[in-house]
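The values are calculated or read from the model by the stated rules, or taken from the named source; none is laboratory data. It should be emphasised that the depicted structure is a prediction, and the values quoted were computed from it without experimental measurement. Cβ coordinates were reconstructed from backbone atoms using ideal geometry, including for glycine residues, and neighbour counts include every protein chain displayed.
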Amino acid sequence: MNDVTFTSLGVAEPLRRALEAENYTTPTPIQAQAIPVLNEGRDLIGIAQTGTGKTAAFALPLLQALAANQKPRLKRTTRALVLAPTRELAMQISEGFKTYGRHLGLRQTTVFGGVSQRPQVKAMERGVDILIATPGRLLDLMEQDHIWLNSVTHLVLDEADRMLDMGFIRDIRKIVAKLPRRRQSMLFSATMPTEIEKLARELMSDPARISVSPKTVTVERIDQRVYFVDAAKKRDLLSDLLSDKAMGIERVIVFTRTKHRANRVAESLDRDGIPTEALHGNKSQGARQRAMDRFRRGEARVLVATDIAARGIDVDDVTHVINFELPNEPESYVHRIGRTARAGAAGIALSFCDASERGYLRDIERLTKVPLLVAAGEPSRETAPARPARPAHGNERSNRNERGAAAPPAGKRRSRRPRPGRSRAA
Ligand code: AMP
């Protein structure tokens, strides 16, 4: 994949010129995968988060197709329809289209709620090539006969899972019902809940499916440390870290691989007097909601969750993510640690790695290309990694911790004995 360029992906010259001006030298992974598929005219499901370069991944092929097939504009119509859940995202996408398409002479407009509809109606009067819209305002304008969708050849649904969370799915079905059947459709979503899978099946025919993790740069903003620890000592280590004021662990999501382990960890923290909630698939919707509410309000400082249960969790000010167990899928690690460092704040991710998890750690480091700083312990010899373990507090990364929380000295951690009655294997 090293030699992939925008030229080799088939991106046309006027678009490349715009990309050069933006200093986009190399396509991101989602661009490398999506552009050729979309250039062939296929439908596409892209599982990707913001920050991966997904906007250009759909905007470049779309702009290229529209420019190659110039048509007289018809009043009140558009040829491409891009649906976004929020006004902010709609504006961001709109900026992207403007930037990439600046040499193509296509017309675009953006409609969203919360502002006067008059300029939006006026912009649609003569017709556009690209319409970027939030579903509610689009439906309003359709119902008033200001926008007609009978000329749409390209549909994009961006951040589909957020549309679901925001209750837009019915609106989307209503909008899609007005589109011509012959069209190219693409759907992007960070996660794929069943509802979205279902919607995708309704919208698309034989879609290609691609999936990428967030760009390394996102992961790099997170201070990532690993504790090499015996499986049996993980619970003590967790309690110790949570009790250590110097760690600055205010609001934390602890991840386990299984529901059973999530329960056991939550119970043991509760016994230690640390208010904790567990979130996993065996709980009823109501119980999950109550757990989330308590965590959100700060009544529970710790949320212990499995990967599946944690999908779609969006809580601000999560200071730390702790991987009590490493995930067997490296992509899950990226999703997990993305729960901290939201809204531009740098977060901290601590991972517990026992001898059986060394392979998982290697896969993670291979994917993120960010070696984890060793906070405590050493990898056991028989499964030692190719890279030698570094001492805790490696200076090269200690400045990354923008919250200023220091890891406890390795010696302290490692010499601690399990307390009586708490030495059971986890
Ligand atoms: P997005 O995921 O679409 O929100 O894009 C995230 C950021 O990456 C945006 O600021 C884009 O301008 C930027 N970006 C997208 N593609 C590239 C690329 N190939 N090279 C450099 N930056 C890019």
(message) Pro72 - would you say it is over 20 Å from Asp171 (Cβ atoms), away from the ligand (no atom under 14 Å from the Cβ) and modelled with pLDDT under 95?
(response) yes
(request) Scan (1) modelled with pLDDT of 90 or more; (2) among the hydroxyl-bearing types (Ser, Thr, Tyr); (3) under 18 Å from the mean Cα position of the chain (by Cα) for the single condition Ser239 breaks and write down its number. (result) (3)
(request) Quick one: Thr99 ticks every box in (1) modelled with pLDDT under 95; (2) surrounded by fewer than 24 Cβ atoms within 10 Å (Cβ to Cβ); (3) within 14 Å of the ligand (Cβ to nearest atom) except a single one, so which number is it? (result) (1)
(request) Evaluate region 202-225: report whether one residue or more is of a type outside the set (S, T, N, Q), under 27 Å from Val254 (Cα atoms), assigned to a helix (DSSP H, G or I) and more than 16 Å from the ligand (Cβ to nearest atom). (result) no
(message) I'd like to know if region 228-235 contains one or more residues that are in a strand (DSSP E or B), modelled with pLDDT of 95 or more and buried (at least 18 other Cβ atoms within 10 Å of the Cβ).
(response) yes
(request) Quick one: Glu331 ticks every box in (1) over 18 Å from Ile364 (Cα atoms); (2) in contact (Cβ under 8 Å) with a residue 12 or more places away in the chain except a single one, so which number is it? (result) (1)
(request) Being closer than 30 Å to Ile210 by Cβ, crowded, with 20+ Cβ neighbours inside 10 Å and in contact with a Ser or Thr (Cβ under 7 Å, 6 or more places away or on another chain) narrows it down to one of Phe168, Phe112, so name that one. (result) Phe112
(request) Go through (1) surrounded by 16 or more Cβ atoms within 10 Å (Cβ to Cβ); (2) under 22 Å from Gln70 (Cα atoms); (3) out of contact with any Leu (no Cβ under 8 Å at 6 or more places or on another chain) and name the single condition Arg137 misses. (result) (2)
(request) Just give me the residues in region 246-265 being more than 16 Å from Lys234 (Cβ to Cβ), out of contact with any Asp or Glu (no Cβ under 8 Å at 6 or more places or on another chain) and among the basic types (Lys, Arg), in sequence order. (result) Lys259
(request) Among what's in region 44-63 and is more than 7 Å from the ligand (Cβ to nearest atom) and out of contact with any Gly (no Cβ under 8 Å at 6 or more places or on another chain), pick the residue that is modelled with the lowest pLDDT. (result) Ala48
(request) Could you pull out the residue among Ala309, Ala305 that is surrounded by 16 or more Cβ atoms within 10 Å (Cβ to Cβ), at pLDDT 90 or above and not charged (D, E, K, R)? (result) Ala305
(message) I need the full set of residues from region 20-43 which are touching a strand residue (DSSP E or B) at 6+ places or on another chain (Cβ under 8 Å), at pLDDT 95 or above and within 15 Å of the ligand (Cβ to nearest atom), in order please.
(response) Gln33, Ala34, Leu38
